[in-house]
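Each value in this text was obtained by applying a stated rule to the coordinates, not by laboratory testing. Note that this is a predicted model, so its numbers are computed, not measured. We place every Cβ from the backbone using ideal geometry, glycine too, and count neighbours over all the protein chains shown.
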Amino acid sequence: MKQEMENSPAKSNVPIDSERNATTLAVQIRIREESNEAAGRSKPAGRVELHGAEKRSIQLIVLAVVLGVAGIYAGFHIGRGWAPSDDGALSQSALRVMQGQLPHRDFAEIYTGGLSFIHALAFRAFGVNLMSLRICVFLFFLAWVPALYYIALRFTNAIAAGAATLLAVAWSYPNYPAAMPSWYNLFFATFGAAALLRYLEVRTRRWLFVAGVCGGVSILIKVIGAYYVAGILLFLAFLEQSENSGEGSETEALNKEAGETQNSWPYRVFSVSALLLFLATLVHVLYARLSVAEFFQFVLPSTALVGLILVGERTAVGETRQRFRTIFALAIPFLCGVVSPVILFLLPYARSGALSQFFAGVTSSAITRSVELGLLRPASIEKSIYALALVAVLAAAMYWPDLQGKLVGAVFALGLVALLVKAATSSEIVLGVWYSAATLTPLVVLLGAAVVMAAGKRSGPTKIQSQQIMLLICVAAVCTLVQYPWAASIYLSYSLPLTLLALVAIVATARRQPGTYALAAVTGFYLVFGVVMLVPDYLYEFTHKVGRMSELHVERAGGLRINYAANFEGLTHFLQQHSPNGLMYAGNDCPELYFLSGLKNVTRDDGGAPPDEVLKALQSDDLKLVVINEGPLFPSSKMNSAVRAEVERKFPNSIQDGFFHVFWRK
């Protein structure tokens, strides 16, 4: 409608014959009246409303089916498998908070601390056991599924949106249903994107505030929630430009009427400086391990978006004051939303004079984990050939008329089924499919940027469509940094759903052919691949092949099924028997032993305290039991030699149980 208005005589610089124009307008009005009368004769009253109600009913039915399938499927997996140190650290932190301690002030917290409060509530609601945390994240997952569906529904029909939602589910949470903070980061990034899509539709600032709250809560759960905030700020810079761009825009007309000059250079200097500062910060964060792979996966997407905004300055209009007014109207509600939960969270620290301890703890924890996790690099750029093949297939479905028929679609689907069957015995095919997803984000961002650049052209998207696409590719581009510096397979699952949503928006907006059958075949292939190949392979575990699982019969396990359950049962009971006063030191990355045994740590760090603190604790005569983990995942977690020597000197009795070396004394 807006595009039609911009092309109308009122918005044109061509001289108009007023008499001829009046005649034309009268004819148009008469045609519209006759059309409306004909429509009224051909359609019963209320038919339009009924059609809308039927459409909403279909959407709700599809959502119910998708939510039911996703819930049942994920629910089947929530009690299976674990990474002992992950479950142990999360549980111990929640237990300490439930006992009245504050993260970073009273104990060493791995993450920001907000998640420990959420999990403490889960302990109170469901009991103090490992499954309570999984029930908690599962409930958030159930809220996340409708958000995925809502976003996909903005671009396509209910059936396609439901399929896209299930695809995102299959490649994400069920692969590792532990209550990891990165899942919450993904969930809140999706909630925030949904809120901003709603803002683009209704232009009500409360949705900017809601999106900001999602960012603030995400940061309180894990500091990488700042990636989402950065992505949204990048989008808001584009949105301001989009609202103040194009010849004949309302902004330009108003400014000219007011006699204002179109001098926007001060704002442009501000905008360009902020964008370049963002890129400089990104490169600085990645610099220590910046190779071609990191550049392709993490720097290129954000660089493309910054370049897109910089190029857009050519068509931006509006006086500096107007542009600053626009960006502040967008950014202030969002940033107020970000800081609101953070301020509330920090109140107990401020009252107890522990703000400095909080910030020091968060900073040191983030730096320490960044150093420890810097072992796995992302997929190399040459692996993107698989993603290019996927993009080529999608492009053919979008633009090639010969790929639209049912027969061609059926043949294509059969080929994908054969490929899926072959994948059961071919690791090369499995890796090829995996790499097509692992290297997809940079290509999706580049494609999205190309579509956005075409806005305003005859075959390009509308302004609102370009804004929607830009929102999703900004979130996907920056949130993919969750894979840095630890690009383990499961970390792709923490961000890939955002890329899939962006891809849905791009395909639905840019296609010139329906592509129904080919697109359905591709979606079905990746959905089945996720269900059949990925989830049963336990992506989170890369140190060994996960074998038979059995229930862990320990009070605090909550019915969790794991590998080597009997070993952990025997070790837990042994520890409880050899600590008469309930004290223990379990060093170097085995916090699960504290939680399962119920024994109290004599230091403030459940993952491994500094050597000086441990040596001091070992001098206490009350400490009767020590455990050393001889097989920690990270080299930096190996036991300090001085601590080991002191343990062997003061604790004469010892036994080896798997990776755990247990020392005790009478």
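Once the C-beta distance of ALA143 and ASN653 is scaled by a Förster radius of 45 Å, the resulting FRET efficiency is 0.35 to the nearest 0.05. For the stretch 152-242, taking the reciprocal of the average inverse distance between every pair of different Cα atoms yields a Kirkwood hydrodynamic radius of 14.3 Å.
Remark: spin-label model distance ILE159-GLN99 equals 5.7 nm, labels positioned 7 Å along the Cα→Cβ axis.
The protection proxy used here, the mean number of other Cβ atoms lying within 10 Å of each residue, ranks peptides 349-361, 205-217 as follows, highest first: 205-217, 349-361.
Distance between the modelled labels on ARG511 and CYS336, one decimal in nanometres: 4.1 nm (7 Å Cα→Cβ projection). The HN-Hα couplings worked out from phi for the stretch 186-193 by the Karplus form 6.51 cos²θ - 1.76 cosθ + 1.60 (θ = phi - 60°) are 5, 4, 6, 5, 5, 4, x, 5 Hz, whole numbers, x standing for Gly and Pro.
How would you order 385-392, 183-190 from highest to lowest mean count of nearby Cβ atoms within 10 Å? It would help to have the intermediate numbers written out before the result.
On the way: 385-392: 15.8, 183-190: 26.1.
Per-residue Cβ counts within 10 Å, averaged per peptide and sorted highest first, yield 183-190, 385-392.
Each residue, ARG604 and VAL269, gets one label point 7 Å from its Cα in the Cβ direction; the gap between the two is 4.7 nm.
For SER426 and GLN404, the difference between the fully extended length at 0.36 nm per residue and the C-alpha to C-alpha distance is 4.9 nm. At full extension, ILE385 and ILE72 could sit 109.1 nm farther apart than now, given 0.36 nm per residue minus the alpha carbon distance. Short-range pairs are left out: with C-alpha atoms under 8 Å and at least six residues apart, the relative contact order of the stretch 122-248 is 20 percent.
Our note on the geometry: Cα centres of the stretch 116-179 and the stretch 187-208, 19 Å apart.
Relative contact order, percent, of the chain when contacts are C-alpha pairs under 8 Å separated by at least 6 residues?
Working: 930 pairs, mean separation 114.3, N = 666.
Relative contact order comes out at 17 percent.
Rounded to 0.05, the FRET efficiency of the ASP622 and GLN357 pair, given R0 = 25 Å and the Cβ-Cβ distance, is 0.45. Entry for the chain at q = 0.07, 0.09, 0.10, 0.12 Å⁻¹: log10 I(q)/I(0) = -0.54, -0.85, -1.01, -1.35, Debye formula applied to identical alpha-carbon scatterers, no solvent contribution.
Considering just Cα atoms, how many Å³ per residue does the convex hull of the stretch 295-410 enclose?
268 Å³
Of the trypsin sites (Lys or Arg not before Pro) found in the stretch 423-473, those in coil by DSSP whose Cβ has at most 13 other Cβ atoms within 10 Å are LYS457, ARG458.
Close amide H pairs (under 5 Å, H built 1.01 Å from N) link ALA108 with ASP605, ASP606, residues at least 5 positions away or on another chain. Gyration tensor analysis over the Cα atoms of the stretch 581-627 returns equivalent ellipsoid semi-axes of 15, 13, 7 Å (largest first, whole Å).
Rounded if a/c is under 1.5, else prolate if a/b beats b/c, else oblate: with a ≥ b ≥ c from the C-alpha gyration tensor eigenvalues square-rooted, which is the stretch 359-487? It comes out oblate by the Cα gyration axes.
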